[in-house]
Amino acid sequence: MQETPKAITQGNGEAQDAATLSPAALNTPSPASAPPQVFVLVIDDHPIIPEALQDLIGSHFDGVQAIQAPNLRQARTLYQVEKNIVVTVLDLRLPDADGMASITDLRALRPEIPLIVFTGLDSDQVRRNATEYGATAVVCKTESTARLLGELSALLPGHVASAKGAAGNGPVEAITRSASRSELSPRQQQIWQGIAEGMPNIEIAQRLNISLNTTKAHVRELLQRLGVRNRTEAATLYFRRRGDRQP
C-alpha cells in the first residue's frame with residue numbers, strides 16, 4: 001500500500017502542519033480507506049482554489065487526489081518525499097517565489113513531472129514565457145474549466161472517469177441546481193469570478209473600483225443567491241459550472 005504525504009519536520013525542529021502537506025487538508029477519506037494511486041500537486045497559497053480543484057479532480061478522475069502546497073518551499077519538500085506526484089498545477093503568484101523562476105526550480109527537481117500553470121495573469125506574453133521556462137500548458141483562471149480538465153485528461157489518460165464527471169458529485173450537484181434557479185447580475189458575475197480566483201474582498205473592490213463595504217454586501221447577497229455556505233463552495237460551483245460549458 002502506498003503512503004500518503006506526511007507532516008515534514010524542518011531542520012530547526014519545527015514540524016510543519018500536516019494539513020498543508022497531506023491530502024487530509026482537503027477533506028480526504030479516513031485512514032481506513034484505500035489511498036489514491038497518484039497525486040496532482042496544486043501549488044497555490046489561497047485555500048479556495050485547491051479545495052475547488054480537489055472537488056473537480058475527484059469528480060472527473062479515478063485514483064487521483066489533489067494535494068496542496070501553499071508555497072514553493074513546501075512544494076520542493078513534497079517533490080522530494082512523494083514519489084507518486086504525476087502532475088503539478090502551479091499558480092505563478094506565490095509568497096516565496098518570483099513568477100517564472102518557480103517553473104525552472106520545479107522542473108530542475110523533477111523534470112519528469114508535467115507542469116500546468118494555472119494563473120489569473122492572462123496575456124500572450126505570460127503564456128509564451130511560461131512555455132519557454134518549461135510549462136507543459138498554461139490555463140488562465142478565467143477560462144472554462146473544460147480547458148483545465150482537457151489538459152489534465154491528456155496527462156492522466158488512464159484515470160479519466162467520464163461517468164463520474166457526468167453524474168455529478170453529491171452535494172455539489174445540489175448546489176448547482178440551487179444556483180440555476182436565480183440569474184446573477186453582471187456585477188455579481190464579476191464578484192463570483194473574483195472569489196473563484198481566490199481574491200479577498202479588498203482586491204475585488206480595487207479591481208471593480210467599488211468600496212470595501214459595497215463588495216462585502218455583494219458577496220453576502222451572492223452567497224445567498226447561489227445557495228452556498230461560504231466562499232469555498234462558491235468557488236467550487238464556479239469551476240463546476242464553467243466545466244459544463246464548451247472551452
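Of all the listed residues (Thr136, Thr142), the sole one being under 23 Å from Ile48 (Cβ atoms) and among the polar types (S, T, N, Q) is Thr142.
The set of residues from region 111-143 being free of Cβ contacts under 8 Å to residues at least 40 places away in the same chain, surrounded by fewer than 17 Cβ atoms within 10 Å (Cβ to Cβ) and among the charged types (D, E, K, R) comprises Glu112, Asp122, Asp124, Arg128, Glu132. Contact map, region 206-230: residues that are in contact (Cβ under 8 Å) with a residue 40 or more places away in the chain paired with residues that are of a type in the set (S, T, N, Q) and open to solvent by less than 50 Å² (accessible area, probe 1.4 Å), Cβ distance under 6 Å, separation 6+ or inter-chain. Pairs shown: Arg225/Ser182; Gly227/Ser178.
Checked against (1) open to solvent by 60 Å² or more (accessible area, probe 1.4 Å); (2) under 22 Å from the mean Cα position of the chain (by Cα); (3) within 19 Å of Ser144 (Cα to Cα); (4) not polar (S, T, N, Q), Arg229 meets all criteria but (3). The number of residues in region 87-98 that are touching an Asp or Glu at 6+ places or on another chain (Cβ under 9 Å), surrounded by fewer than 19 Cβ atoms within 10 Å (Cβ to Cβ) and under 19 Å from Val139 (Cα atoms) comes to 1.
Here is the figure for region 192-219: residues that are open to solvent by 50 Å² or more (accessible area, probe 1.4 Å) and assigned to a helix (DSSP H, G or I) total 9. Residue-level analysis places Ala101 outside the set of residues that are open to solvent by 10 Å² or more (accessible area, probe 1.4 Å), hydrophobic (A, V, I, L, M, F, W, C) and either at pLDDT below 90 or touching a Cys at 6+ places or on another chain (Cβ under 6 Å) (or both). Confirm whether Leu72 is open to solvent by less than 10 Å² (accessible area, probe 1.4 Å) and either hydrophobic (A, V, I, L, M, F, W, C) or modelled with pLDDT of 95 or more (or both). Yes.
Tell me which residues, restricted to region 232-241, are among the β-branched types (Val, Ile, Thr) and open to solvent by less than 20 Å² (accessible area, probe 1.4 Å).
Across region 232-241, the qualifying residue is only Thr236.
Could you check region 79-105 and list, in sequence order, the residues that are more than 14 Å from Asp44 (Cα to Cα) and assigned to a helix (DSSP H, G or I)? Those that are more than 14 Å from Asp44 (Cα to Cα) and assigned to a helix (DSSP H, G or I): Tyr79, Gln80, Val81, Ala101, Thr104, Asp105.
The values are calculated or read from the model by the stated rules, or taken from the named source; none is laboratory data. Predicted model only: the values in this text are computed from it and were never measured. Backbone-built Cβ (ideal geometry, glycine too); neighbour counts: all protein chains shown. Only protein heavy atoms, including side chains, enter the accessible area calculation; ligands, DNA and RNA are left aside. Shrake-Rupley method; radii C 1.70, N 1.55, O 1.52, S 1.80 Å.
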